[in-house]
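Readers should treat all values here as calculations from the given coordinates under stated rules, not as data from a laboratory. Fair warning: this is a prediction, and the values are worked out from it, not measured in the lab. Every residue, glycine as well, gets a Cβ built from its backbone with ideal geometry; the counts of neighbours run over all protein chains shown.
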Amino acid sequence: TLVRRSRELLENEIQRFAIIERDGMVIACAALYPFPDDKTGELACVAVHPGYRKGERGAQLLAYVERRAKEQGLTSLFVLTTLTAHWFQQQGFEAAGVEALPGARKSLYNWQRNSKVFVKGL
């Protein structure tokens, strides 16, 4: 379940997103929110259309985001998830606590969502 984002917010942050398109339809997306002072980035908004989940598109997006993160000098990625912990673990992420988040992100952590935190070194 993705965090709801307004159209205005998405338009302002569009440069953070990567998509996979097929026949004019977006079938997968992911975003990278860098925290350069902490040399880490948040992998967010990972979603793949249900009809295309068997095609490794999530893994393709992750590889692309990892390349972008490395180009920005980041040494790790973190993700917060409520439903797909197993997929992130299959991709090399390891469980961590909220304390693993950079300070700026930790202060925004939504305790009511109870998201699990996972971290992956690059």
Report whether or not Glu66 is of a type in the set (Asp, Glu), crowded, with 19+ Cβ neighbours inside 10 Å and out of contact with any Asp or Glu (no Cβ under 6 Å at 6 or more places or on another chain).
yes
Quick one: count up the residues across region 20-55 that are over 11 Å from the mean Cα position of the chain (by Cα) and surrounded by 13 or more Cβ atoms within 10 Å (Cβ to Cβ).
13
At least 2 residues that are closer than 24 Å to Leu10 by Cα and touching a Phe, Trp or Tyr at 6+ places or on another chain (Cβ under 8 Å) in each: list the helices (runs of 4 or more DSSP H) lying fully within region 20-122 that qualify.
103-106
Would you check if there is a residue in region 88-108 being touching a Gly at 6+ places or on another chain (Cβ under 6 Å), more than 22 Å from Ile20 (Cα to Cα), touching a residue at least 24 places away in the same chain (Cβ under 8 Å) and among the hydrophobic types (A, V, I, L, M, F, W, C)?
no
Residues in region 1-18 that are surrounded by 12 or more Cβ atoms within 10 Å (Cβ to Cβ) and either free of Cβ contacts under 8 Å to residues at least 12 places away in the same chain or part of a helix (DSSP H, G or I) (or both) total 2
